[in-house]
Amino acid sequence: MADRYLSFTGTASGRFLTRRLGLPQPAALRRWSPGAPGLDGGLLHLTAGTPDLDLAPVLARTGLGTDDATGRPAAVVLDAAGIRDVEGLAEVHAALHPVVRSVAASGRIVVLGAPLDPADHHQAAAQQALEGFVRSLGKEIGRGRTVNLVRLTDAPAAESTLRFLLSPRSAYVSGQVIEVGAHQPVAPEDGDRPLAGRTALVTGAARGIGEAVAETLARDGARVVVLDVPRAEQDARRVAERLGGTALPLDITAADAGARIADALPDGLDVLVHNAGITRDRRLVNMPAERWGPVLEVNLASVLRTTDALLAAGALRRGGRIVATASIAGIAGNAGQTNYGASKAGVVGLVRSLAPRALAEHGVTVNAVAPGFIETRMTAAVPLLIREAGRRMNSLAQGGLPVDVAETTAWLAHPASGAVNGQVVRVCGQSLLGA
Ligand code: NAD
């Protein structure tokens, strides 16, 4: 369903009128395309505190020039990882205050921080302060610009994350705090097709977000397996054929779904995307068990069951990736969605608990994407006023597209993203609901 308000505010008269009325001002977001894969403009590298990260070589590989002659940088990276006390925060202000206005439309600000030191509450206070700073700047900056915080200890391990955040691929990711560990990155042989030679299975991929995920992983070189319920087999085959992959008609709630996936992929699997999901909305007071059970079963129980079965069978190869799908409804809660919110919060719990063990025992990372309002058939069915509220109630004042979730999944699935583990990344344009 087209966002007519976004089109209207893109015209001169629409801009004039909506400004006069104090209405939201969504900007058309710059997304990745083969002809324009990078941001338009240079990168400004700033520091606050005493920097000890060797960032220059990593930033040089983002493809963004550092000698920006226009005075309008497309990206600003502020290294604030060395800040250990409140006094250091003045340097954050001093670094960004003079440049924030000049950042180009659809530009990026990435603040780099350090993990909180449990033995130093002054460092912890200063580093936690960066989170409130980033989230507040994201809410006020406008013009399609995003602001994110990356907590890291090692620059090379964070390269894939920085490349994602400093590119048009992260158009709808703002106000996020991403922790990157120290795992040694594996550089793909072919930077344009990082998933070449790998197999990715996406559940619920016959349409919507799952279809976009399959398409983006195929673009990145993966052989995709399009899993969906048997009644959607025709659509699944259509998607698989278009992407040169295969369809797997299977209800993910089947008790033996994990074994059947393992049987269908005798050579193993590299990327497992748990995307299939359903809603059965109703307030708890009116919700019979028949509307509760299926939502928990599809969105959570089957995710746990198939993950356990595939890990136990050794079907996920070392260097593998699991990406589950949560939702902002599982973080902020949503009226009428006690079942759905519970199931999606459960996904967050699964990711946080399993991630360190899956990496240690199987060499597999486990992360989640948490979409906000994404323009799909699911959200097109929402009544007009609620749909409009959903679209506007985020810092970018518009809904996201399935490709925004897909690009985030592709970053998590990237061979060089091994240091990103146990993260729940919201793809919600910094929804005003929830943290
Ligand atoms: P969608 O309804 O368009 O697509 C879901 C797909 O999952 C369908 O093809 C469906 O057939 C499949 N599916 C459902 N039950 C299945 C089962 N038992 N086995 C196999 N496949 C099954 O939904 P979407 O909007 O593309 O959402 C995809 C995911 O993103 C879901 O997990 C959803 O909860 C989540 N999400 C969506 C939004 C949004 O705004 N659209 C927001 C937050 C989270």
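The values are calculated or read from the model by the stated rules, or taken from the named source; none is laboratory data. Since this is a predicted model, take the numbers as computed values, not measurements. Cβ: placed from backbone, ideal geometry, glycine included. Neighbour counts: every protein chain shown. SASA here: full protein model, heavy atoms, side chains in, ligands and nucleic acids out. Shrake-Rupley method; radii C 1.70, N 1.55, O 1.52, S 1.80 Å.
So which residues in the range 279-304 are of a type outside the set (S, T, Y) and open to solvent by less than 40 Å² (accessible area, probe 1.4 Å), if there are any at all? Within the range 279-304, M287, G293, V295, L296, V298, N299, L300, A301, V303 qualify. Would you pick out the residues in the range 399-418 that are surrounded by 24 or more Cβ atoms within 10 Å (Cβ to Cβ) and either among the hydrophobic types (A, V, I, L, M, F, W, C) or within 13 Å of the ligand (Cβ to nearest atom) (or both)? G399, G400, D404, V405, A406, T408, T409, A410, W411, L412, A413, listed by residue number.
Close Cβ contacts (under 7 Å, 6 or more residues apart or on different chains) running from residues in the range 247-262 that are modelled with pLDDT of 95 or more to residues that are crowded, with 21+ Cβ neighbours inside 10 Å and charged (D, E, K, R) comprise P249/D228.
For the range 364-387, a tally of residues being in a helix (DSSP H, G or I) and within 14 Å of the ligand (Cβ to nearest atom) returns 6.
Applying the set (1) open to solvent by 30 Å² or more (accessible area, probe 1.4 Å); (2) within 14 Å of the ligand (Cβ to nearest atom); (3) at pLDDT 95 or above to A360 leaves exactly one unmet item: (2). Is it the case that the range 71-90 has a residue that's open to solvent by 10 Å² or more (accessible area, probe 1.4 Å), closer than 19 Å to A125 by Cα and touching a residue at least 60 places away in the same chain (Cβ under 8 Å)? Yes: the range 71-90 contains one or more residues that are open to solvent by 10 Å² or more (accessible area, probe 1.4 Å), closer than 19 Å to A125 by Cα and touching a residue at least 60 places away in the same chain (Cβ under 8 Å). Residue check: is T47 of a type in the set (S, T, N, Q) and either part of a loop (DSSP other than H, G, I, E, B) or under 14 Å from A397 (Cα atoms) (or both)? Answer is no for this residue. Under the condition of being open to solvent by less than 30 Å² (accessible area, probe 1.4 Å) and either of a type outside the set (S, T, N, Q) or free of Cβ contacts under 8 Å to residues at least 40 places away in the same chain (or both), the residues counted in the range 209-220 number 7.
If the condition is being among the hydrophobic types (A, V, I, L, M, F, W, C), in a helix (DSSP H, G or I) and at pLDDT 95 or above, then the range 60-100 contributes V86, L89, A90, V92, A94, A95, L96, V100. Among the candidates A410, A360, A355, the residue that is free of Cβ contacts under 8 Å to residues at least 40 places away in the same chain and under 28 Å from A182 (Cβ atoms) is uniquely A360.
Within the set G197, G181, G244, the sole residue that is buried (at least 18 other Cβ atoms within 10 Å of the Cβ) and of a type outside the set (D, E, K, R) turns out to be G181.
When restricted to residues that are touching a residue at least 24 places away in the same chain (Cβ under 8 Å) and either of a type in the set (D, E) or open to solvent by 80 Å² or more (accessible area, probe 1.4 Å) (or both), the range 11-34 contains 1. Could you tell me whether the range 309-324 includes any residue that is surrounded by fewer than 20 Cβ atoms within 10 Å (Cβ to Cβ) and more than 25 Å from T246 (Cβ to Cβ)? Within the range 309-324, not a single residue is surrounded by fewer than 20 Cβ atoms within 10 Å (Cβ to Cβ) and more than 25 Å from T246 (Cβ to Cβ).
Take N421 and decide whether it is open to solvent by 30 Å² or more (accessible area, probe 1.4 Å), within 25 Å of E211 (Cα to Cα) and either more than 15 Å from the ligand (Cβ to nearest atom) or among the polar types (S, T, N, Q) (or both).
Working: open to solvent by 30 Å² or more (accessible area, probe 1.4 Å): yes; within 25 Å of E211 (Cα to Cα): yes; either more than 15 Å from the ligand (Cβ to nearest atom) or among the polar types (S, T, N, Q) (or both): yes.
Against the criterion (open to solvent by 30 Å² or more (accessible area, probe 1.4 Å), within 25 Å of E211 (Cα to Cα) and either more than 15 Å from the ligand (Cβ to nearest atom) or among the polar types (S, T, N, Q) (or both)), N421 qualifies.
Within the range 163-183, the set of residues being in contact with a Gly (Cβ under 9 Å, 6 or more places away or on another chain) and not charged (D, E, K, R) comprises L166, S167, P168, A171, Y172, V173, S174, G175, Q176, V177, G181, H183. Selection of helices (runs of 4 or more DSSP H) fully inside the range 270-345 by the criterion of at least 3 residues being under 25 Å from G363 (Cβ atoms), within 14 Å of the ligand (Cβ to nearest atom) and touching a residue at least 12 places away in the same chain (Cβ under 8 Å) returns 302-312.
Among the residues of the range 423-435, just one is closer than 20 Å to A200 by Cβ and not β-branched (V, I, T), namely Q423.
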